[in-house]
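See structure below.
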Amino acid sequence: MSTRRLALLPARRETGYMPEERPPELEIIFDELARRGPYASLDDANRALETITRQYNARPQAELGGLSPDQLQRLLTDDWTAPDAALSLDESLTLDELAGAPLLADARMMLDYVATHGPLKETPAHNLSRSAVADLTPRLRVLAQRRHLEQEAEPPMRRALNEGDVYWLAPLRHALIFAGLLMRRKGVRITARGRELLDVALAGTLYARLFRTVFYELDLRLFDFQREAGLQPTVAYTLYRLGTCAREWASSESLAATAWLDTAKGPRRQWEVESGVDLRHYSLASQVLYPLAAFGLLETRTLPGPESERWMEVTEYRVTQLYDRFLRFNLGGNRRTPTFPHL
């Protein structure tokens, strides 16, 4: 099913499609147009087609997670900062309310570090120096969260680490630069806006700004070995669906089937098709689920594999209370209300 609303199509005797070539949604439209005929004139047919198309675009569809094409269009195209956006972010949350968001803690830590020690020297490749990486790494809560998820002990510092060796460190720096909170000018230094958003009273504003930056400005395919291109442009749909599909613990595999728009998925690789597996759910975990956990919007747990295959661990996710407090969906009859059966 198309992710787009159907544009109004002119009624014609010859549509340009053979019946077997028509997309399913056009079959529905033209079948209904034929059922309502005959028409006295081409204008009458066009008016009927306009009505049928409008009704189709307003009708909820199971393939779209219960949304109508009109609602999906709004969800995917509205500016998250607009007053009546289909998805908006609550910037009024306090630092205490955001205590479960490791990425916010790391952002505040890095801003404070740069404010105190900056400007930080960069390598010729414009990365942070190894000395800065050594200072920052032990303080990163997202890194500690990842080690806990993977049940890893903190490794001994046997060698100096580059910025790219540390999970989320380079993306965090880039996010702070894209958000206008850090800048590169004779090293990495904090901006006036960055100093302002260090204010405890503005923690919610900083959090929302980081969220928009990560999902709008960063290319999340950096975390994805399969390079799925369709996830990020449709992430608002995934966020909407996770609020329903991840109320209880769910694996990335099950969430890929329910919270990822089918038409946004790239094709499976040939060897996956031949072997009957679908590994695209790893892209959902890398591009969306891990970042949401870093924002404290999902919690995670790791389950062992079956007795004979203990190494086959499964990571599961479910939304936190912060999810409904921060993300607001306004889609008319599809407005979601918070329910937390696991509290």
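Computed from the coordinates by the stated procedures, all read-outs in this text should not be read as laboratory data. These numbers were taken from a predicted model, which means no experiment stands behind them. In this analysis, Cβ positions are derived from the backbone assuming ideal geometry, glycine residues included, and neighbour counts consider all displayed protein chains.
Data table
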item	result
Principal axes of region 102-218: Cα extent on each, largest first, Å	37, 32, 25
Gyration tensor (alpha-carbon) shape descriptor, region 199-283, a/c threshold 1.5	prolate
Full-stretch length increase - ALA201, ALA40 - with 0.36 nm per residue and alpha-carbon distance subtracted	51.3 nm
Highest average packing first - 195-202, 88-95, Cβ atoms within 10 Å	88-95, 195-202
In degrees, nearest ten, helix 203-212 long axis to first principal axis of the chain (Cα)	60
Ranking of ARG189, ARG209, ARG35, ARG301 by count of other Cβ atoms within 10 Å, fewest first	ARG35, ARG301, ARG189, ARG209
Rounded, prolate or oblate (a/c below 1.5 giving rounded, otherwise prolate when a/b exceeds b/c) for the chain by Cα gyration tensor	prolate
Sequence-separation-based contact order of region 225-334, relative, with Cα cut under 8 Å and 6+ spacing, percent	30
Unit charges on C-beta of K, R, D, E only; dipole of the chain, Debye	1020
Sequence-separation-based contact order of the chain, relative, with Cα cut under 8 Å and 6+ spacing, percent	18
Under DSSP loop assignment and at most 11 Cβ neighbours within 10 Å, longest chymotrypsin sites (Phe, Trp or Tyr not before Pro)-free interval of the chain	1-224
Top positive-direction residue, dipole computed over the chain with Cβ charges, set ALA99, VAL142, ALA170	ALA170
Extension gain, MET109 back to ASN162 (0.36 nm per residue minus Cα-Cα distance, nm)	17.2 nm
Long-range amide H partners of LEU67 with built H, under 5 Å	GLN61
Distance in nm between pseudo-label sites at GLU272 and GLU248 (7 Å out along the Cβ direction from Cα)	2.7
Net lengthening on full extension, TYR216/THR302 (0.36 nm per residue, minus Cα-Cα)	28.1 nm
Cα-based helix-to-principal-axis angle, 102-117 vs the chain, degrees rounded to 10	50
On Cα atoms only, tilt of 24-36 relative to the major axis of the chain in degrees	30
The chain: calculated mean residue ellipticity at 222 nm from DSSP helix runs of at least 4, using -39500 (n - 2.57)	-11000 deg cm²/dmol
About the Cα centre, charge dipole magnitude for region 225-334 (Lys/Arg +1, Asp/Glu -1 at Cβ), debye	440
